[in-house]
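Read the figures in this text as sums done on the coordinates, not as results from a lab. Keep in mind that what you see is a predicted model, and the values were worked out from it rather than measured. Here the Cβ is made from the backbone with ideal geometry for all residues, glycine too, and neighbour counts use every protein chain on show.
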Amino acid sequence: MATALAILFFILLAFFVLIVGASSIKIVSPYEKGVVERLGRYVRTANPGLTIIVPFIDKMRKIDMREQVVDIQPQEVITRDNVVVTVDAVVFYEATDPVKLVYNVADFFDAATKLAQTNLRNVIGEMELDEALTSREVINTKLREVLDDATDKWGVRVVRVEIKRIDPPGDVTEAMHRQMKAEREKRANILEAEGFRQAKILEAEGVRQSKILEAEGEAEAIRRIADAQRYKLEIEAQGQAVAVQRVFDAIKEAKPDDKLIAIQYLETLKVVADGQATKLYLPYEASGILGALGGIGELFQDKKADSDA
């Protein structure tokens, strides 16, 4: 009986030692850090890996050091021009000091949510509706700076803030759609009118250029015709000059007398008499030429007498 009790005692003692040993061994993951407390007082910060603590005396809280997300519930915000918009945002943060995160804030998620909502109202409340709708990056930057400064004592760094949506009231949205449509129609009409004006300008420019080219072509044609006529007259004049020069040289070499001139004159008169005119006007010089006809007759008589002899 005593032996059985001893065996049972050793079994219980071994089980107790096993439980104590298991409770004294803690494993910290690579993305975590452990805050070790002894009897409610901070002792040290455990790094990732195997950590030994005093069982039943020490307690360790594991803090996730990875980037976390706080979803800010949609809320109504009044802009500077008194328009109520619904804003939805998310905040990305990561822990930098696990001790501050444990001891400086009781519920970080609730505190971060309330802080983000308050500062979101402040940031957007300083903007008008159009500015708020087109300045999301500015809102994100301002809100991140404010939250980062406020959460620094909590051992948290705000990585970024993203505005998911900004929804104005339905009537404002409809008015914005009408305004956008009117603005687009205005730009379309302006572009259409500008295109029509440009087309007319180009058409007029084309007509002007065509007339200029046509006038230049006509001027060039006239110039070339005039050059051709002038060249023709020059060639004819040169030919006539050569002909006159040759006739003059031939006459000069032949040494004509009055009888030869009279004969040529009579031939010319014969050609004149062959015309259709009923009246014939002789020039004043014809009397002198006819006076030489006597000499021509004597010439023929002399030739006849020589032939009879």
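Note on the stretch 1-95: dipole from Cβ charges, positive end direction compared against ILE19, ILE57, ALA4; the farthest Cα belongs to ALA4. Using the Karplus relation 6.51 cos²θ - 1.76 cosθ + 1.60 with θ = phi - 60°, the per-residue 3J(HN,Hα) values for the stretch 198-204 come to 5, 5, 5, 4, 5, 5, 5 Hz, with x marking Gly and Pro. If you wrap the Cα atoms of the stretch 69-208 in a convex hull and average its projected area over all directions, you get 11.8 nm².
If you put +1 on each Lys and Arg Cβ and -1 on each Asp and Glu Cβ, how big is the dipole of the stretch 92-148 around its Cα centre, in Debye rounded to 20? Dipole about the Cα centre, nearest 20: 160 debye. Among the listed pairs LYS59/LYS153; LYS62/LYS114; LYS33/LYS59; LYS33/LYS100; LYS114/LYS142, those with a Cα-Cα distance over 19 Å are LYS59/LYS153; LYS62/LYS114. Note on the stretch 68-168: dipole from Cβ charges, positive end direction compared against THR86, PHE108, VAL69; the farthest Cα belongs to PHE108. Residues whose amide H comes within less than 5 Å of that of GLU37, counting only those at least five positions distant or on another chain, are VAL43, LYS59, MET60, ARG61 (H built at 1.01 Å from N in the peptide plane).
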